[in-house]
Amino acid sequence: MTHGQTLSVTLSLARPDFSLEVELELPARGITVLFGPSGAGKTTILRCIAGLERARGHVVIGDRCWQDSAKGIFVPTWRRALGYVFQEASLFDHMSVAANLSYGVERVCVPQAQDALSQAVSLLGISHLQGRSTASLSGGERQRVAIARALATQPEILLLDEPLASLDYARKQEVLPWLERMHQELSTPIVYVTHSVEEAKGLADLVVVLENGRVTSRGGLEVLPNAG
């Protein structure tokens, strides 16, 4: 996705206890924060963008259509050029940090993969961790490794699903500066899910507030509760 293009998302999903109805045009740069309480539909939107969940509607990134249910188009997750980081870092604990990072690169055929990996490792400040077992890492270190692994695949968009939610306060403060550095240095658009006002204030270029599967407001930090 190049500068000037957008991520266009229209999704309709009905469940017995929840329904999602959203229409979003998200920018091709910076961090878009999907903000709202648990059950608002934030993660469902992320999973639909990633192709991990199916809803009616469309997902178009730049000039590429990943989904259009009216036309019968649905590109599987493995063919979507995206990075996805979950609440809990999904690392292989029987492998070293370096092996985890290499695995992420080897499973996708992208040019200059090793250069991208080196840049991600530097950006997230994890060079000194590469010889360690992932089982020995702190929660904050694990998330930094998971984000670096996702970035090393040179995704067109990076999806972060409450990456700090499972961390205690001290570990959150450890990771936030690295996320802020990503914000400043990356051109890759990021969609970031959180219910934390602190995280949203520190990272967001655009805030989309969700409640009960609907967009209630969007804009700058002023749309956050207690933004003043």
Taking first residues from the range 45-73 that are farther than 18 Å from Ser19 by Cα and second residues anywhere that are part of a strand (DSSP E or B) and of a type in the set (Gly, Ala, Ser), the pairs with Cβ under 7 Å that are 6 or more apart or on different chains are Val60/Ser8
Looking at the range 158-178 only, could you name the residues that are buried (at least 23 other Cβ atoms within 10 Å of the Cβ) and of a type in the set (A, V, I, L, M)? Leu159, Leu160, Leu164
So which of Pro37, Pro16, Pro76 ends up being free of Cβ contacts under 8 Å to residues at least 60 places away in the same chain and farther than 19 Å from Ala150 by Cα? Pro16
Looking only at residues that are surrounded by fewer than 19 Cβ atoms within 10 Å (Cβ to Cβ) and touching a helix residue (DSSP H, G or I) at 6+ places or on another chain (Cβ under 6 Å) in the range 53-82, which one is nearest to Thr216 (Cα to Cα)? Glu53
May I ask you to list the residues in the range 176-228 that are assigned to a helix (DSSP H, G or I) and without any contact (Cβ under 8 Å) to a residue 12 or more places away in the chain? Pro177, Gln184, Glu198, Glu222
Sole exception among (1) under 18 Å from Ser38 (Cβ atoms); (2) of a type outside the set (Asp, Glu); (3) within 17 Å of the chain's Cα centre (by Cα) for Leu224, by number: (3)
Considering the range 112-164 alone, what residues qualify as being closer than 24 Å to Gly30 by Cβ, over 18 Å from the mean Cα position of the chain (by Cα) and not in a helix (DSSP H, G or I)? Gln112, Gly125, Ile126
Failed item in (1) touching a strand residue (DSSP E or B) at 6+ places or on another chain (Cβ under 9 Å); (2) among the hydroxyl-bearing types (Ser, Thr, Tyr); (3) farther than 10 Å from Val33 by Cα, with Tyr192 passing the rest: (3)
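A short reminder: the numbers here are calculations on the coordinates, not readings from a lab. Treat the numbers as computed from the prediction; the structure is a model and nothing was measured. All Cβ positions, even for glycine, are placed from backbone atoms using ideal geometry, and neighbour counts span all protein chains on display.
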